[in-house]
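To start, the structure itself, in structure tokens.
The values are calculated or read from the model by the stated rules, or taken from the named source; none is laboratory data. Keep in mind that this is a model prediction, so the values were computed, not measured. Here the Cβ positions follow ideal geometry from the backbone for every residue, glycine too, while neighbour counts run over all protein chains shown.
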Amino acid sequence: MREVNNPAHVGIVIGFCTAPIFLAFAMLQWLTGAILDATWAGLEAGGVRIYPEAGYRTAFGVCLAVAAGSLVMTLLVTETRCRNIWRRATH
């Protein structure tokens, strides 16, 4: 983000671009909990819910899919070698 945007506005750009990442991680935690709750068979031990293995496999499968998608997206990013390549648009 830093190398492809106007250096005078880098702080705004970084703040704007990282907000969806934090929101996505918050939503991923909620989704993992929702998957576990959906597969819960009603078992409890000492007041703590016991979730089945299939629920964990599904929830962690979603996490794996997000991580794999992130890796693919990372590989598609243009490498700038830490040089600012921002240029003012000419019309």
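Among residues of the range 24-38 that are closer than 15 Å to Ala54 by Cβ, those with a Cβ under 7 angstrom from a residue that is outside any helix (DSSP H, G or I) and hydroxyl-bearing (Ser, Thr, Tyr), sequence gap 6+ or separate chain, pair up as Leu36/Tyr51.
Phe22 meets all of the listed conditions (1) closer than 25 Å to Glu79 by Cα; (2) outside any helix (DSSP H, G or I); (3) aromatic (Phe, Trp, Tyr) but one, namely (2). Leu31 meets all of the listed conditions (1) over 17 Å from the mean Cα position of the chain (by Cα); (2) among the hydrophobic types (A, V, I, L, M, F, W, C); (3) surrounded by 12 or more Cβ atoms within 10 Å (Cβ to Cβ); (4) modelled with pLDDT of 90 or more but one, namely (1). Take Val62 and decide whether it is within 30 Å of Asn5 (Cβ to Cβ), out of contact with any His (no Cβ under 7 Å at 6 or more places or on another chain) and among the β-branched types (Val, Ile, Thr). Considered against the rule, which asks whether it is within 30 Å of Asn5 (Cβ to Cβ), out of contact with any His (no Cβ under 7 Å at 6 or more places or on another chain) and among the β-branched types (Val, Ile, Thr), Val62 comes out as no. Here is a check on your reading of the model: is Ala68 of a type in the set (Gly, Ala, Ser), in contact (Cβ under 8 Å) with a residue 12 or more places away in the chain, surrounded by 10 or more Cβ atoms within 10 Å (Cβ to Cβ) and part of a helix (DSSP H, G or I)? In short, no. Per the listing Glu44, Glu3, Glu53, the residue uniquely over 12 Å from the mean Cα position of the chain (by Cα), surrounded by 11 or more Cβ atoms within 10 Å (Cβ to Cβ) and on the phi < 0 side of the Ramachandran plot is Glu3.
The selection criterion, being in a helix (DSSP H, G or I) and under 25 Å from Met1 (Cα atoms), does not hold for Leu36.
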